[in-house]
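Here's the structure we're looking at; comments come further down.
The values are calculated or read from the model by the stated rules, or taken from the named source; none is laboratory data. Bear in mind that the values here come from a model prediction, so they are computed numbers and not experimental data. Ideal geometry is used to build each Cβ from the backbone, glycine not excepted, and the neighbour counts take in all protein chains shown. The protein model used for the area step is the full one, side chains on, heavy atoms only, and it has no ligands, DNA or RNA in it. Shrake-Rupley method; radii C 1.70, N 1.55, O 1.52, S 1.80 Å.
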Amino acid sequence: DAAHDLCVAVQGDARPAALDSLCSIALARGDRPGFDRALAELEQHGGGTNGWALTLRHGLRDRYDGHLQRAWSTFDALLTQLVDAEPVARGAVWAELGETERLLGRESAAEAYAEARACFDRSGREALCLRAEAGRVRTLLDQGVTPLRHDLDEGLSWARSHGMDLLVLDLERVLGRLLGDAERLRSCRERALGWGLRPRAGLIELWRAE
């Protein structure tokens, strides 16, 4: 809530970046009206200095609405557009491409997440590396493959030591699924609901039912 309120209050040249953050917060909460409001204002700004971020949000909107192939095409085209961009920008698109391919049931999803992790690693973004690794492991589990857990265990310790509660939650829910730990998944779901993160809570409940 504090991050949301801070972004709402930001004006001036930093407003587009704040709107982009508001889009992320709204999606995490499952707040489609809030996402639409932030995206509409971001469109008025042309996406700010990172015009590609606006295109990325359009792809996320399509995926949220179930238009998976259209979202995939948006992310794939962005990778071509950003061929010479900073690694962190390409990593963000690779991660969304990976998630879309996972939902489409494509085996290439794990490779897309691996590309995202490599980009984030080159950028020195440890937290984003760990999110990409969590996505890769989740994808492999979907495919019936049991990956090694070493990186997740180390990542969980790192996230805890840096006070990154949301990252801790995301890593623990993947570990819970990997280990078949119903109690850990139950705890993750309760935390997600307590933080107002309904989409994450729904995913955790789905995994418990598998």
Quiz item: Distances over 15 Å make up what percent of all Cα-Cα pairs in segment 117-173?
Solution: 45 percent
Quiz item: Which ³J(HN,Hα) values, rounded to whole Hz and listed in residue order, are derived for segment 51-59 from phi using the Karplus coefficients 6.51, -1.76 and 1.60 in 6.51 cos²θ - 1.76 cosθ + 1.60 with θ = phi - 60°, glycine and proline given as x?
Solution: x, 5, 5, 5, 4, 4, 5, 5, x
Exercise. Give the span of segment 93-210's Cα atoms along each principal axis, as three whole-Å numbers ordered largest to smallest.
Key: 33, 33, 26
Practice problem: State in Å² the accessible area per residue of the chain; use a 1.4 Å probe, count heavy atoms of protein chains only, and round to the nearest integer. | Solution: 50 Å²
Quiz prompt | Alpha carbon convex hull of segment 23-66, volume per residue in cubic angstrom | solution = 57 Å³
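Could you grab the Rg to Rh ratio for segment 11-115? Cα atoms only, Kirkwood for Rh.
On the way: Rg = 13.5 Å, Rh = 14.0 Å.
My calculation puts Rg/Rh at 0.97.
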Quiz item: What's the carbon and sulfur percent of the chain's accessible surface, probe 1.4 angstrom, rounded to a whole number?
Solution: 50 percent
Quiz prompt | Inter-label distance, nm, simple model (7 Å from Cα along the C-beta direction), S24/E107 | solution = 3.3 nm
Practice problem: For the chain, find the longest principal axis of its Cα atoms and tell me its angle to the long axis of helix 32-44, 0 to 90°, nearest 10. | Solution: 40 degrees
Quiz item: In degrees from 0 to 90, rounded to the nearest 10, what is the angle of the helix 68-81 Cα long axis to the longest principal axis of the chain?
Solution: 70 degrees
Quiz item: HN-Hα J couplings of segment 98-103 from phi, Karplus 6.51/-1.76/1.60, θ = phi - 60°, integer Hz, Gly and Pro as x?
Solution: x, 5, 5, 5, 4, 5
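Taking the Cα centre as origin and putting +1 on Lys and Arg beta-carbons and -1 on Asp and Glu beta-carbons, what dipole magnitude results for segment 93-195, to the nearest 20 debye? Don't skip to the end; give the middle numbers.
On the way: 16 positive and 19 negative charges, 43 e Å.
Charge dipole of segment 93-195: 200 debye, to the nearest 20.
To the nearest 20 debye, what is the magnitude of the charge dipole of the chain about its Cα centre, counting +1 on the Cβ of each Lys and Arg and -1 on the Cβ of each Asp and Glu?
Dipole magnitude for the chain comes out near 420 debye.
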Quiz prompt | Computed Kirkwood radius, in angstrom, where 1/r is averaged over Cα pairs of the chain | solution = 17.7 Å
Exercise. Using just the helices of the chain, give the 222 nm mean residue ellipticity in deg cm²/dmol: DSSP H runs with n ≥ 4 each add -39,500 (n - 2.57), and the total is spread over all residues, rounded to 500.
Key: -25000 deg cm²/dmol
